[in-house]
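We did not get these values from a lab; they are worked out from the coordinates using the rules stated. Everything quoted here is computed from the prediction, not taken from an experiment. Here the Cβ positions follow ideal geometry from the backbone for every residue, glycine too, while neighbour counts run over all protein chains shown.
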Amino acid sequence: VRYRIDEGAGTATLLESVTDPEIPFSGCCGSARRSSSGSWLMSWGGTSMVTEFNANGERTFLLGFGTLSSYRAFPVAAGEISRQTMRAAMETMHPR
């Protein structure tokens with residue numbers, strides 16, 4: 001969910017809500033990142049799922065980690081980092 005907060009008035013106005021019918025519950029630790037185009041990248045904390053929705057609310061990407069839980073997801077634009085750089089970072093975090 002995304003709210004507009006008016007601290008002076010002590011109010012919060014709901015601006016947007018993103019849901020996925022295939023992921024009915026996210027218990028903790030998730031993240032949501034909105035791009036300048038209006039799309040959303042969601043990490044459904046406490047589940048193994050990461051999804052992306054376009055500005056119209058249509059799911060355009062789904063990634064599952066099997067039995068592992070997703071904690072946080074960051075969008076990376078095409079060409080922003082190389083495959084080799086990504087692999088090296090992953091190997092640093094979790095060496096084989």
Query - Coil-residue trypsin sites (Lys or Arg not before Pro) of segment 49-89, DSSP, other Cβ within 10 Å capped at 16 - result: R72
**Report entry** Cα centroid separation, segment 36-54 to segment 5-21 (Å)
**Finding:** 18
Requested in this report: Go through segment 36-81 and name the GluC sites (Glu not before Pro) that are in a DSSP coil and have 13 or fewer other Cβ atoms within 10 Å of their Cβ.
Outcome: E58, E80
Query raised in the report: Roughly how big is the chain's charge dipole about its Cα centre, with Cβ charges of +1 (Lys, Arg) and -1 (Asp, Glu), in debye to the nearest 20?
Result: 320
Report summary line: Quick numbers on the chain, Rg and Dmax over C-alpha atoms in Å, give 15.9, 54
Requested in this report: Over segment 32-96, calculate the relative contact order: mean separation of alpha carbon pairs under 8 Å at least 6 apart, over the residue count, as a percent.
Outcome: 26
Report task. Quickly work out the A55-to-V76 label distance, labels modelled 7 Å from Cα along the C-beta direction, and quote it in nm with one decimal. Result -> 2.6
Query raised in the report: Between M90 and L15, what is the FRET efficiency for a Förster distance of 41 Å, r being their Cβ-Cβ separation, to the nearest 0.05?
Result: 0.70
Report summary line: In segment 17-96, the chymotrypsin sites (Phe, Trp or Tyr not before Pro) that sit in a DSSP loop and have at most 14 other Cβ atoms within 10 Å of their own Cβ are F25, F65, Y71
Report summary line: Helix 83-93: inclination vs the chain longest Cα principal axis, degrees, rounded to 10, gives 90
Query raised in the report: What nm distance separates the two modelled labels at V1 and S31, each placed 7 Å from Cα along Cα→Cβ?
Result: 2.2
**Report entry** Over the chain: helical MRE at 222 nm, DSSP H runs n ≥ 4 each giving -39500 (n - 2.57), nearest 500
**Finding:** -3500 deg cm²/dmol
